[in-house]
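K.L.:
Quick one: structure below, then a few questions.
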Amino acid sequence: MEKPAASTEPQGPRPALGRESVQVPDDQDFRSFRSECEAEVGWNLTYSKAGVSVWVQAVEMDRTLHKIKCRMECCDVPAETLYDVLHDIEYRKKWDSNVIETFDIARLTVNADVGYYSWRCPKPLKNRDVITLRSWLPMGADYIIMNYSVKHPKYPPRKDLVRAVSIQTGYLIQSTGPKSCVITYLAQVDPKGSLPKWVVNKSSQFLAPKAMKKMYKACIKYPEWKQKHQPHFKPWLHPEQSPLPSLALSELSVQHADSLENIDESAVTESREERAGGAGEGSDDDTSLT
């Protein structure tokens, strides 16, 4: 089986901005992403409780473009289980209560594909979607999954959703023992709109920590679920299992944020049900995971 390899030579972070052509990330891109996940300078801690920490970083002061970084300690969850959970698109439909629709579109290489994801935003904001090029790489006992937005000719922006732009989003999973790991989620996304401050605050103080905790619960239940649902089907580990059609990189183009419509939602106020802590983030009911 063909396996991607990553060099271990230290490299400085390479910016994700400014791509002019669609490329599958190389070793340096993965090293750069890892460096940014581990960086501390320039990040402001906004939440730290029960093994979950959240940091934010303003990218440009005149825009609502922020980076967010979440880190969670996972006891009783091996790194490889968390890696499987993040890859398993059928299982995500069970545990990710924010998802509206998600599916893989095509395969690019043994460790890269193109996919679609749409999600619910806190009411009354408009819901968003993205088309992303996703790539992944095992690095010893650790794993990286990351993505950035691309344009696919068969999936233009929809009228009922706002097409957001993932400048760079991903996960670094670091093994800390046979049955434990630490996950870092790093996201730089342009939501294509002027969002009110309460959304940014709620994302870092409530939505991100809750999403991480929900992911942890999903990891605990995954081995039992997977035994009942194609237990040997893991195309992210065995690319020969992939049913996806192949796609040439030339079919894709970079999704530049300035080519999409901006939606001004800066004056939108939080709905009563959102303030009550309900809709939009999903409940803590885990019955769907069985």
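K.L.:
Conditions first: (1) under 16 Å from the mean Cα position of the chain (by Cα); (2) over 27 Å from residue 249 (Cβ atoms); (3) at pLDDT 95 or above. Residue 68 passes all but one, so which condition is the exception?
P.N.:
Here residue 68 clears every test but (3).
K.L.:
I've got another one for you. Identify, by number, the condition in (1) under 30 Å from residue 53 (Cβ atoms); (2) at pLDDT 95 or above; (3) in contact with a strand residue (DSSP E or B) (Cβ under 9 Å, 6 or more places away or on another chain) that residue 266 doesn't meet.
P.N.:
(2)
K.L.:
Can I ask one more? State whether one or more residues within the range 138-156 are within 14 Å of the chain's Cα centre (by Cα), at pLDDT below 95, buried (at least 19 other Cβ atoms within 10 Å of the Cβ) and closer than 28 Å to residue 217 by Cβ.
P.N.:
no
K.L.:
Which residues, counting only those in the range 238-251, are of a type outside the set (Gly, Ala, Ser) and either loosely packed, with under 10 Cβ neighbours inside 10 Å or in contact (Cβ under 8 Å) with a residue 12 or more places away in the chain (or both)?
P.N.:
The answer is 238, 239, 240, 243, 244, 245, 247, 249, 251.
K.L.:
Restricting to the range 157-182, and then to whatever is in a loop (DSSP other than H, G, I, E, B) and open to solvent by less than 80 Å² (accessible area, probe 1.4 Å), can you tell me which residue is nearest to residue 24 (Cα to Cα)?
P.N.:
In this case the residue turns out to be 164.
K.L.:
Of all the residues that make up the range 212-236, how many are under 21 Å from residue 187 (Cβ atoms) and either basic (Lys, Arg) or outside any loop (DSSP other than H, G, I, E, B) (or both)?
P.N.:
Within the range 212-236, residues that are under 21 Å from residue 187 (Cβ atoms) and either basic (Lys, Arg) or outside any loop (DSSP other than H, G, I, E, B) (or both) number 8.
K.L.:
Could you list, in sequence order, all residues of the range 168-213 that are modelled with pLDDT of 75 or more and of a type in the set (Gly, Ala, Ser)?
P.N.:
Once the filter is applied, which keeps residues that are modelled with pLDDT of 75 or more and of a type in the set (Gly, Ala, Ser), the range 168-213 yields 170, 175, 177, 180, 187, 208, 211.
Residue-by-condition table, conditions (1) surrounded by fewer than 18 Cβ atoms within 10 Å (Cβ to Cβ); (2) of a type in the set (Asp, Glu):
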site: 34; (1), (2): no, no
site: 39; (1), (2): yes, no
site: 44; (1), (2): yes, no
site: 49; (1), (2): yes, no
site: 73; (1), (2): yes, yes
site: 87; (1), (2): yes, no
site: 100; (1), (2): yes, no
site: 113; (1), (2): no, yes
site: 129; (1), (2): no, yes
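K.L.:
Also, quick follow-up: Filtering the range 111-137 down to residues that are at pLDDT below 95 and assigned to a loop (DSSP other than H, G, I, E, B), which residue is nearest to residue 250 (Cα to Cα)?
P.N.:
127
K.L.:
Among what's in the range 71-97 and is closer than 29 Å to residue 246 by Cα and not in a helix (DSSP H, G or I), pick the residue that is modelled with the highest pLDDT.
P.N.:
Checking each candidate, the answer is 88.
K.L.:
Now for a different question. Taking only the range 31-52 into account, find how many residues are among the hydroxyl-bearing types (Ser, Thr, Tyr) and farther than 17 Å from residue 183 by Cα.
P.N.:
1
K.L.:
Let me ask something else. Given the structure, is residue 56 at pLDDT below 95, of a type in the set (A, V, I, L, M, F, W, C) and surrounded by 14 or more Cβ atoms within 10 Å (Cβ to Cβ)?
P.N.:
Judged against the criteria, residue 56 is a match.
The values are calculated or read from the model by the stated rules, or taken from the named source; none is laboratory data. These figures come from a predicted structure and were not determined experimentally. Backbone-built Cβ (ideal geometry, glycine too); neighbour counts: all protein chains shown. Heavy atoms of the whole protein, side chains included, go into the accessibility calculation; ligands, DNA and RNA do not. Shrake-Rupley method; radii C 1.70, N 1.55, O 1.52, S 1.80 Å.
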